[in-house]
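The structure appears right after this line, and notes come after that.
A short reminder: the numbers here are calculations on the coordinates, not readings from a lab. Please read all numbers here as calculations on a predicted model, not as lab measurements. For neighbour counting, all protein chains shown are included, and Cβ atoms are generated from backbone atoms with ideal geometry for every residue, glycine included.
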Amino acid sequence: MKTNQILVRYGELSTKGKNRNSFIGRLRDNVRQTFADLGGIRIKAERDRMFIASDNEAEIEQAIRRLPKVFGIQSFSPVTEAELDMDAMKQTAFRVVEKLDRTGKTFKVSVKRPNKAFPLEKLEIMHEIGSHVLRSFPELSVQMQHPDIELKVEIREEAAYMMAEVIQGAGGLPVGAGGKGLLMLSGGIDSPVAGYHMLKRGVRLELIHFFSPPFTNDRAKEKVFDLAEKLSQFGSSVNLHIIPFTKLQQEVHKQVPDNITMTSTRRMMMRVADKVLEETNCKAIITGESLGQVASQTLESLSAINAVTRTPVLRPLIAADKLDIIETAQKIGTYDISIRPYEDCCTIFTPANPKTKPKLDKVEYYENFVSFDEFIQEAVDQREIVKFPQVKKNGAVYEDLL
């Protein structure tokens, strides 16, 4: 008896038509990358489901832990193999059901028997296995339609296979199926959550972070690295572009009145992002802005910021409640990183009384006193690019192999 397969059920991509195969292929590639360090994993993608197999049970356990983070999967079930012997099959059924929460639950056995040479018929197999499970777990009750627990048994020529546990996947679409976008990653709570939502819609991410030493320190940079590492765990690697922003930010503060520096700084970030976007073949800029949360996120501020770019700006959190954003951040493991007390460039340079309704013509008037083009190009040219997930020091993971 050993658990050596996982049955994967597709999510939203199962509703696709003629282009379904391209979505399935993308999911298969993402699963391969997720298991790049597991040498014995075999993947077989079919039209309606996917099978993941390995002769190494430790690899299957690793796969079960990682699959919930791969977008495009609705649910999956570990499959346990048993010998074609009724006593062995009963013992396997016991082990499979034993792992589940059984209190007050209903139960049934369903059987497929493609191996017609097996001496017992379907109903006999159902009776033998079902009776054994019910004797072993008296808290279960039988229900043939829509039971809480359905033990599925398939009798093949080489072995019997059983599964009952259904583990929920991440849903959504496979990362990469929705193109590529550039996420402005600040280091706060919101932007990683925005990135997570876009990953769930199949958008592959490039990340951009604005770093202003010596006003921001290496601890703040390390925090952003850790957030990028988290975002790279959802089925796709990411590149983080670290923009040296000090000179450009200081020039804004020289030329622009204090109460609109926040708006002007964000506009400069958009202009830098546009340059990086062109070089990375991204199709949109993604931000973690939520309407009315801070002074720069009023409709008037967002309008003035947007005016500097023709690139689509996607704001997946625009109508989200802060508590809901925090809940998602906790779920995906970014919250504790985001609340580390190391400030980013926007926080450090926040003016005392920022304009909540800046006038675009006034912002443009002050910005026109100096050409920012050279500062912007210099920041883009001198950026640092780091790929995630990063290779572990012990050499266990080499993501580029596939």
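Counting residues in the stretch 180-401 as N, plug N into 2.2 N^0.38 Å and put the Cα Rg over that result.
Against the empirical 2.2 N^0.38 Å value, I get 0.98 for the stretch 180-401.
Only one of the values (1) 480; (2) 165; (3) 156 was calculated from this structure for volume of the Cα convex hull per residue in Å³; name its label.
Step by step, volume of the Cα convex hull per residue in Å³ for this structure corresponds to label (2).
Lys/Arg Cβ at +1, Asp/Glu Cβ at -1, dipole of the stretch 2-170 taken about the Cα centre: which of Gln143, Pro68, Leu13 is farthest positive-ward?
Leu13
Fully extended, how many nm does the chain gain between Lys247 and Ala36 (0.36 nm per residue separation, minus their Cα-Cα distance)?
Between Lys247 and Ala36, full extension yields an extra 71.9 nm.
Would you mind telling me which residue in Tyr365, Tyr161, Tyr196 has the biggest mean-square fluctuation in a Gaussian network model of the chain, where springs connect alpha carbons within a distance under 10 angstrom?
Tyr365
Can you pull the one-decimal nm distance between simple spin-label points at Asn19 and Asp87, each 7 Å off the Cα toward Cβ?
5.7 nm
Need the full-extension length gain, Ala307 to Gln382, defined as separation in residues times 0.36 nm minus the C-alpha distance. One decimal, nm.
Working: separation 75, 0.36 × 75 = 27.00 nm, distance 2.58 nm.
Contour length minus the Cα-Cα distance gives 24.4 nm.
So if I take the centroid of the Cα atoms in the stretch 270-322 and the same for the stretch 98-172, what is the distance between those two points in Å?
So the separation of the two Cα centres works out to 51 Å.
List the lysines whose Cα sits under 26 Å from the Cα of Lys152, skipping any in the same chain fewer than 8 residues away.
Lys2, Lys44, Lys69, Lys90, Lys99, Lys105, Lys108, Lys112, Lys116, Lys122
Taking 7 Å along the Cα-to-C-beta vector as the label spot, tell me the Ser110-Val166 distance in nanometres, rounded to one decimal.
Those two pseudo-labels are separated by 0.9 nm.
For the stretch 162-193, list residues with backbone N below 19 Å from a point placed 7 Å from the Cα of Leu323 toward its Cβ?
189-190
Between Ile339 and Glu61, what length in nm is gained on full extension when 0.36 nm per residue of separation is reduced by their alpha carbon distance?
Between Ile339 and Glu61, full extension yields 96.9 nm more.
In a GNM of the chain with a 10 Å cut-off on Cα contacts, which of Val193, Val276, Val294 has the highest mean-square fluctuation?
Val294
Which of the lysines could a cross-linker span from Lys283 if the Cα-Cα distance has to be under 21 Å and same-chain partners fewer than 8 positions apart are dropped?
Partners found: Lys180, Lys200, Lys275, Lys387.
Kindly state, to the nearest 0.05, the FRET efficiency for Asp361 paired with Val294, given R0 = 30 Å and r defined as their beta-carbon distance.
0.85
How high is the FRET efficiency between Gln255 and Glu222 when r is their beta carbon distance and R₀ equals 51 Å, given to the nearest 0.05?
Details: r = 32 Å, r/R0 = 0.62.
Computed FRET efficiency for Gln255 and Glu222 comes out at 0.95.
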